[in-house]
Amino acid sequence: MIGYGICGSFCTHERSLRALEKIAEKYDVIPIVTPIAAETDTRFGKARDLLERVEKICDKKAVRTVKDAEPLGPAFPLDCMVIAPCTGNTLAKIACGITDTSVTMAAKAHMRHEGRLVIALATNDAMSSNLQNVAKLLNKKNVYFVPMKQDDPVLKPHSLVADFTLLENAIDCSFGDVQLRPLFI
Ligand SMILES: Cc1cc2nc3c(=O)[nH]c(=O)nc-3n(C[C@H](O)[C@H](O)[C@H](O)COP(=O)(O)O)c2cc1C
């Protein structure tokens, strides 16, 4: 079973769902959505539509609370926890041991048994205030990143966004304890 965390990087939801469709053909997937992603309508789409699509693809209700995410580790072990997209906010929380959303709870519950975590980062502070957290997690056992790139070096000079078309490959590599490379593309 794969846990598929979705955070509030709204502009990348479409790319994440396209990747999720492929992953769900191959693996049993339980969706885990942060409160922000589950409740916020933006110019990129409505929260209700996101939940409906995710739940349809996975054929399961989305986990949306800390309470419902807590068993994903001890009681219901995951083979891999994916966070796609992972916001700067969630990345920083995981790096610093903060657990106050469905996704950070699922990651914590899963990682306490040395579970694999695959992160598809999408944040415009990846190479500024969050660079230390990228480094921290890159240096941590069982944590893998989906290869990423500078999506707009001129207008968003500190931004990094994962290539979601490589997500499935990155998950497969993580099962062999391998980081898919090149990491920066
Ligand atoms: C329209 C919109 C787009 C956003 N895009 C991003 C993004 O791509 N990356 C990011 O790290 N945060 C982005 N944010 C900010 C996050 O949604 C915010 O930090 C939120 O607290 C994240 O919560 P979560 O990590 O629990 O999902 C965006 C916010 C809005 C309203």
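Tabulated values for the structure
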item: Test: residue in the range 103-111 that is assigned to a helix (DSSP H, G or I) and touching a Cys at 6+ places or on another chain (Cβ under 8 Å); result: yes
item: Flag if Lys56 is of a type in the set (Lys, Arg) and either near the ligand (Cβ under 10 Å from one of its atoms) or without any contact (Cβ under 8 Å) to a residue 12 or more places away in the chain (or both); result: yes
item: Where Leu17 falls short, out of the listed (1) in a helix (DSSP H, G or I); (2) more than 15 Å from Met105 (Cα to Cα); (3) more than 15 Å from the chain's Cα centre (by Cα); result: (3)
item: Verdict on Thr87 being of a type in the set (Ser, Thr, Tyr), surrounded by fewer than 20 Cβ atoms within 10 Å (Cβ to Cβ), within 16 Å of the ligand (Cβ to nearest atom) and at pLDDT 95 or above; result: no
item: The range 37-59, subset surrounded by fewer than 16 Cβ atoms within 10 Å (Cβ to Cβ) and among the basic types (Lys, Arg), residue farthest from the chain's Cα centre (by Cα); result: Arg43
item: Residues that are in a strand (DSSP E or B) and closer than 18 Å to His113 by Cα, drawn from the range 62-87; result: Cys80, Met81, Val82, Ile83
item: Criterion (β-branched (Val, Ile, Thr), surrounded by fewer than 19 Cβ atoms within 10 Å (Cβ to Cβ) and in contact with a Ser or Thr (Cβ under 7 Å, 6 or more places away or on another chain)) met by exactly one of Thr65, Thr34; result: Thr65
item: Residue check, Thr123 touching a helix residue (DSSP H, G or I) at 6+ places or on another chain (Cβ under 6 Å) and modelled with pLDDT of 95 or more; result: yes
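The values are calculated or read from the model by the stated rules, or taken from the named source; none is laboratory data. Because the structure is a prediction, the values reported are computed rather than measured. Positions of Cβ are backbone-derived with ideal geometry, glycine not excepted, and every protein chain shown enters the neighbour counts.
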